[in-house]
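The block underneath contains the structure these notes are about, expressed in structure tokens.
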Amino acid sequence: MNAPDVHSHAIFISFNQDLSHLTVGRKNGFTIYSINAGDRGFEPEELYRDDSEEMYLVQTLCSTDLVALVSAANRSTLRIFLFRRKKEIFTQTFKQSIVAVQMNQRRLTVLLEDSISVLDVNGMSHLHTIQDCPSNKSGISAISSNSNHSYLAYPGSTLMGAVNIFDTVYLKSVSVIQAHNSPVAALVFNTTGNLIATASEKGTVIRVFSVVNGLKLHEFRRGVKR
């Protein structure tokens, strides 16, 4: 990997859902790498490079060539691009700036500061809008990579560490998990989508919950040996 891409000029670095692609955002564009586990360890291969403009967000879909793009100059517009064909297939402008995009092979979710739009990946039709979400300027969220458990997680409060779980296939709320006393800072599902790990702004503990019933299953506290 070219060192200046990762260190000197990188604005963001992100992985796709199955960890097969790595995206590096730069001041003048982005690069998508394929990740190979070779004899020498981490061996990325450049798949696509764009040097046109600064991006706020680039999200690839598993090992496909579908990419969600939000430029730094126009953060209210989502563009869907097929990088191997170099073809834009979808664009939509929202009422507010986009703070995050989460997707799996069935659903694409677009997070604004106070609402979330759910789209069908096949055809990009709009399915549902989650209204009146707590302010989420940082775009804290996660979606399960397992399409059979296509859950979306996002903060349920700006004051406490509540986590809302939403089923993006059946378009209904699943549970509200009271995860922490302070606001949530990080969320991630396991590969099957039945567990979720959470961390708060306090940063001292990671908790693991059952997605469906919200039961706490594990807790890992900083500085404590288990």
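The values are calculated or read from the model by the stated rules, or taken from the named source; none is laboratory data. As the structure is a computational prediction, the values presented were derived from the model and not from experiment. Cβ coordinates were reconstructed from backbone atoms using ideal geometry, including for glycine residues, and neighbour counts include every protein chain displayed. What goes into the accessible areas is simple: the full protein's heavy atoms, side chains included, and nothing from ligands, DNA or RNA. Shrake-Rupley method; radii C 1.70, N 1.55, O 1.52, S 1.80 Å.
Miscellaneous remarks
- Listed by first and then second residue, the pairs with beta-carbon distance under 7 Å, at least 6 apart or on different chains, first residue in segment 173-194 and at positive phi, second open to solvent by less than 50 Å² (accessible area, probe 1.4 Å) and part of a strand (DSSP E or B), are Gly193/Tyr151.
- Breaking point among (1) assigned to a loop (DSSP other than H, G, I, E, B); (2) open to solvent by less than 30 Å² (accessible area, probe 1.4 Å); (3) over 20 Å from Lys202 (Cα atoms), for Gly139: (3)
- Answer residue from segment 105-124, given it is closer than 19 Å to Asp65 by Cα and of a type in the set (S, T, N, Q) and is surrounded by the most Cβ atoms within 10 Å (Cβ to Cβ) among those: Thr109
- Residue check for Gln102: open to solvent by 60 Å² or more (accessible area, probe 1.4 Å) and closer than 26 Å to Ile196 by Cβ: no
- Test: residue in segment 71-83 that is open to solvent by less than 10 Å² (accessible area, probe 1.4 Å) and under 26 Å from Val169 (Cβ atoms): yes
- Among the residues of segment 188-207, those that are open to solvent by less than 20 Å² (accessible area, probe 1.4 Å) and in contact with a Phe, Trp or Tyr (Cβ under 9 Å, 6 or more places away or on another chain) comprise Gly193, Ile196, Thr198, Val205.
- Filtering segment 96-136 to residues that are within 15 Å of Ala186 (Cα to Cα), in a loop (DSSP other than H, G, I, E, B) and within 13 Å of the chain's Cα centre (by Cα) leaves only Val99.
- As for segment 34-52, it holds no residue that is within 20 Å of Ser150 (Cβ to Cβ), assigned to a loop (DSSP other than H, G, I, E, B) and open to solvent by 30 Å² or more (accessible area, probe 1.4 Å).
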